[in-house]
Amino acid sequence: MSKEEEEKIISSLLFIIKMNKEQLEKATQDFTLSVFRAGCDSINFSILSMLPTNIDKIMTQFKITKMPVNRRVNELVRVGLAIRKKGSGEVLPTELTHTFLKVLKTISEGIKEQIPSILLNSFNHR
């Protein structure tokens, strides 16, 4: 890790330490929503499901060029859902990736169980 990266981390930690409880709750909520926005995009979700992988495989899978793939991967890295290995093109999952995918699977299973009653309710409200 470079000295500049260390300084950014220390600065961020000091900022968090100075937050009061409400500010920390709001920042956590905002960041959580950012994670869901990034991870729930259909292509980004598919990329997360492929991890570990590399940029070339993502380009081939989705038939998109390097620039859009890099934008998507960088977005996932920014919210902590992926790690990029510089120089190799590798994209790796994080602990948050695994947690996120488990949460979405749980939500999906819950929805699957409730589909009949959801459909029934929607027909009854017509």
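Derivation of every value follows stated rules applied to the coordinates shown; laboratory data play no part. Just so you know, these numbers come straight off a predicted model, no measurement behind them. Note that we place each Cβ from the backbone using ideal geometry, even for glycine, and neighbour counts take in every protein chain shown.
In table form, for the structure just shown:
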| read-out | value |
| --- | --- |
| Given (1) touching a residue at least 24 places away in the same chain (Cβ under 8 Å); (2) closer than 16 Å to residue 43 by Cβ; (3) not acidic (Asp, Glu), number of the condition residue 92 does not satisfy | (2) |
| Extreme residue, nearest to the chain's Cα centre (by Cα), among residues of segment 17-57 that are assigned to a helix (DSSP H, G or I), of a type in the set (Val, Ile, Thr) and surrounded by 11 or more Cβ atoms within 10 Å (Cβ to Cβ) | 35 |
| Every residue from segment 31-60 that is over 21 Å from residue 87 (Cα atoms) and of a type outside the set (Ser, Thr, Tyr) | 31, 33, 35, 36, 37, 38, 39, 40, 41, 43, 44, 45 |
| Flag for residue 69 being assigned to a helix (DSSP H, G or I), out of contact with any strand residue (DSSP E or B) (no Cβ under 7 Å at 6 or more places or on another chain), hydrophobic (A, V, I, L, M, F, W, C) and crowded, with 16+ Cβ neighbours inside 10 Å | yes |
| When residues of segment 99-113 are limited to those that are surrounded by fewer than 12 Cβ atoms within 10 Å (Cβ to Cβ) and among the aliphatic types (A, V, I, L, M), the one nearest to residue 80 (Cα to Cα) | 107 |
| Conditions (1) assigned to a helix (DSSP H, G or I); (2) surrounded by 10 or more Cβ atoms within 10 Å (Cβ to Cβ); (3) not hydrophobic (A, V, I, L, M, F, W, C); number of the one not met by residue 80 | (1) |
| Hey, residue 74 closer than 20 Å to residue 101 by Cα, polar (S, T, N, Q) and surrounded by fewer than 16 Cβ atoms within 10 Å (Cβ to Cβ) or not | yes |
| Pair list, Cβ < 8 Å and 6+ apart or interchain, from segment 49-73 residues that are on the phi > 0 side of the Ramachandran plot to residues that are hydrophobic (A, V, I, L, M, F, W, C) | none |
